[in-house]
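Reading through the structure tokens given below for one structure.
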Amino acid sequence: MGFNPHFSELPTTIFEVMSGLARTHEAINLGQGFPDSQGPEALRRLACEGLMTGSNQYPPMLGIPALRAAVAAHYAAHQGLALSAEQVVVTSGATEALAASFLALLSPGDEVIVLDPAYDAYRPLIARAGAIPRTIVLKPPHWHLDLAEIEAAITAKTRAIVLNNPMNPTGRSFSHAELLGLAKLCQNHDLIAICDEVWEHVRLTDQPHQSLLGLPGMADRTVKIGSAGKMFGVTGWKVGFVCAAPEIAKVIGKAHQFLTFTTPPHLQGAVAQGLGWDRAWFDEQAATYQAAYQILRQGLLDQGFCVLDSAATYFMCLDLQQSGIDRPALDFCFEAVKTYGVAAIPLQSLYEKPEEAPPIIRLCFAKQETVLREAIGRLAKARQAMGT
């Protein structure tokens, strides 16, 4: 019996593997990216109220009108983007938004530029759309965009580039100059930019988020993808949204209708109200992540680890080799979770060619201070045991 090779030959995602090992060994899970809180109580109460008093039948396929309008208004207020509700498609999470975008905008034989290390859903979804991912590898510790290398990879078949900004797993937030250069490449070569911007509110520095969608000449060739799960720290809700020019949003909506079709209405209603909260609320939430980042960062530096800087996301990266650990990243992660009780993600799992990846691991710091300090102690023991 045969199966679709794009999926039957894939391994289980490293996030599920490490989270499973964390449960089995009762380890601290700094691998998969989710907070250890339950999200804002006010938002959860809004969802409860919607569940009990609102409709529990199919909402409109493109999203409830209140949420589509709220997404457009939120981005106008926070990022200065000129969007209308008709440019918004509500999806069941950002991964579904990516799938709908790839299926709608790519044709068999198209080429798509992907920047490594990359979120592990990109390549399988691109391949399932019949397109071919072409990889550009970013270099640590700064992970700059090499615009000349990107342009050299563009061919007559190149249709799109996927930009994860801020970038998971590196924590990089790309500069204005880098984005301008990328926008110029997209316009010169008639490319669509599919922008995964789910970490836009998880800021660790004063650098504001800038969307490629808002740059000159990009409004008609950019897909912007956001996530309420990341904005509000409720990753299990799986409420995402696509923003694009009306003609692009329309075709993405047609792909979406045959994927999940729609998203739970009580969650959509709660998110619609949450998006209208004062800017101060989002700033305060970012400040809690900034504090957690500094706790883990400084604690690991004190223990002799080489910590790479992060500007955004829930994540920080450790360079094992520069930390005095001469072990492959995957081996270190398996030993760390089984013996020392801390789960982490080896970056090699997020590369097209794992054998070419640097010996770097990713940690999620969106945890309580007591958890982070315990993790620091356990990782210090792992370093002492596995160090040179």
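The table for this structure:
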{"read-out": "The chain: calculated mean residue ellipticity at 222 nm from DSSP helix runs of at least 4, using -39500 (n - 2.57)", "value": "-12500 deg cm²/dmol"}
{"read-out": "For the stretch 150-158, 3J(HN,Hα) per residue [Karplus equation, 6.51 cos²θ - 1.76 cosθ + 1.60, θ = phi - 60°, Hz, x = Gly/Pro]", "value": "4, 5, 5, 7, 6, 10, 5, 8, 5"}
{"read-out": "Those lysines that a straight Cα-Cα span of less than 21 Å connects to LYS157, excepting residues fewer than 8 apart in one chain", "value": "LYS184"}
{"read-out": "Filter on LYS250/LYS367; LYS224/LYS381; LYS139/LYS338; LYS238/LYS381; LYS224/LYS338 - keep pairs with C-alpha separation over 32 Å", "value": "LYS250/LYS367; LYS224/LYS381; LYS238/LYS381; LYS224/LYS338"}
{"read-out": "Centroid-to-centroid separation of the stretch 343-388 and the stretch 224-291 [C-alpha atoms, Å]", "value": "29"}
{"read-out": "Shape of the stretch 173-240, Cα gyration tensor, a/c cut at 1.5", "value": "oblate"}
{"read-out": "1.4 Å probe accessible area per residue over the chain, in Å²", "value": "42"}
{"read-out": "Net +/- balance of residues flanking GLU374 in space, Cβ distance below 14 Å, scoring K and R +1, D and E -1", "value": "+1"}
{"read-out": "Efficiency of FRET from Cβ geometry, LYS353 and GLU86, R₀ 56 Å, rounded to 0.05", "value": "0.85"}
{"read-out": "Under the Karplus curve 6.51 cos²θ - 1.76 cosθ + 1.60, θ = phi - 60°, whole-Hz ³J(HN,Hα) for the stretch 141-147, x wherever Gly or Pro sits", "value": "x, 9, 6, 5, 6, 9, 5"}
{"read-out": "Contour excess over end-to-end distance, with Cα ends at LEU259 and ALA287 and 0.36 nm allotted per residue", "value": "6.5 nm"}
{"read-out": "Candidates GLY20, GLY274, GLY341, ranked by Gaussian network fluctuation over the chain, Cα under 10 Å, top entry", "value": "GLY20"}
{"read-out": "Cross-link partners of LYS353 among aspartates and glutamates (Cα-Cα below 15 Å; sequence separation of 8 or more within a chain)", "value": "ASP116, ASP120"}
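The values are calculated or read from the model by the stated rules, or taken from the named source; none is laboratory data. Treat the numbers as computed from the prediction; the structure is a model and nothing was measured. Reconstructed Cβ throughout: ideal geometry from the backbone, glycine too, with neighbour counts over all protein chains shown. Ligands, DNA and RNA are excluded from the accessible area calculation, which covers all protein heavy atoms including side chains. Shrake-Rupley method; radii C 1.70, N 1.55, O 1.52, S 1.80 Å.
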